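Reviewing the structure listed below.
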Amino acid sequence: MKVSEKIQFISKWIKNYVQEMPSKAESLVIGISGGIDSSVSSTLSAMTGLRTIVLSMPIKQKTSQHDLSLRHQEWLIKNFKNVEAYTVNLDKLFETFENSLSKFDSEHGMANSRARLRMTTLYQVAAANKGIVVGTGNKVEDFGVGFYTKYGDGGVDISPIADCNKTDVWEMGRELNILKVIIDASPTDGLWDDGRTDEGQLGLKYSELEEAMNNPNSPNREKYEKIRKSNLHKMEPIPVCKIPN
């Protein structure tokens, strides 16, 4: 499928999903970070013509990252009349949360809690606007290595680009004329004070991860499998204790 056809297919899929819901949603709610995944996902949502609410939710965010989010907000508003954009600063909320749970810090700090606070924010906005939360995860992250926060950015109602590799998302971004500075930016989850990148955390480039996903003989396959194995609990159904009859 050509990139332009893929774009139209996904946007139409989002619209059809909403229209076929038993209780029809009235809006699409999506968090944007200034990264390529959320920029493409929010644009595909806006293309449906449905009311699209985009939220930037900084939590001690690096200024350079947050600036990209704001620039994408402006770009969306300029190009789509059905888009509403809001910035919800979660710094104080996170500080209170962090202080209240200071005895329960972990080796990862509270990075995952940041993602879960954002998820809660998205669902509150969705509840207030009879909306559904649109996910931004791609295939490599969601079904390859599980590079997302369980009940954080993994907590969504629909996942429009979850069958697209990262390279597919970059291609769609270029086709959609997403700001070049966003396309060229190093992918990051924005959950760390030091601004660490996705590829820095994973230890592999996205192109290497994609190749390892599709090629059992890849030199990176063992490393890919190790990352995947540690995150399988996110991708598999919640274990249920079955009571014998």
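Annotations for the structure displayed:
- Rg/Rg_globular for segment 1-139, with Rg_globular taken as 2.2 N^0.38 Å and Rg from C-alpha atoms: 1.13
- Sites L93 and S207 - FRET efficiency at Förster radius 45 Å, r taken between beta-carbons, to 0.05: 0.75
- Stokes-Einstein D for segment 94-199, Kirkwood Rh over Cα pairs, 4 °C, 1.567 mPa s (µm²/s): 84 µm²/s
- Subtracting the Cα-Cα distance of E236 and E74 from 0.36 nm times their residue separation leaves 54.6 nm of extension gain.
- Taken one residue at a time, the phi angles of segment 190-195 give Karplus couplings (6.51, -1.76, 1.60, θ = phi - 60°) of x, 9, 10, 5, 8, x Hz. Gly and Pro are set to x.
- Electrostatic bookkeeping for E236 treats Lys and Arg as +1 and Asp and Glu as -1; over the other residues with beta carbon under 13 Å from its beta carbon, the sum is +3.
- Sites K226 and E20, calculated FRET efficiency, Cβ-Cβ separation with R0 35 Å, nearest 0.05: 0.30
- Those GluC sites (Glu not before Pro) in segment 1-54 that DSSP places in a loop and that have at most 10 other beta carbons within 10 Å: E20
- Mean projected area (nm²) of the alpha-carbon convex hull when the chain is viewed from all directions: 16.2 nm²
- Environment charge at E222 (Cβ cut-off 15 Å; Lys +1, Arg +1, Asp -1, Glu -1): +2
- Segment 29-80 versus segment 100-176: alpha-carbon centroid distance in Å: 13 Å
- For segment 3-197, the antiparallel share of DSSP beta bridges with both residues in that region comes to about 0%.
- Near the amide H of T87, within less than 5 Å, lie the amide hydrogens of S56, all on another chain or at least 5 residues away, with H placed in the peptide plane.
- Applied to segment 36-47, the Karplus parametrisation 6.51 cos²θ - 1.76 cosθ + 1.60 on θ = phi - 60° returns per-residue 3J(HN,Hα) values of 5, 4, 6, 5, 5, 4, 5, 5, 4, 5, 4, 5 Hz, with x for Gly and Pro.
- FRET E, pair T120, R196, Förster distance 25 Å, beta-carbon r, rounded to 0.05: 0.60
- Low-density loop cleavage sites - trypsin sites (Lys or Arg not before Pro) in segment 153-245, where at most 16 other Cβ are within 10 Å (DSSP): R196, K205, K242
Since every read-out is calculated from the coordinates, none of them should be taken as a lab result. All values derive from a computational prediction rather than experimental measurement. Note that we place each Cβ from the backbone using ideal geometry, even for glycine, and neighbour counts take in every protein chain shown.
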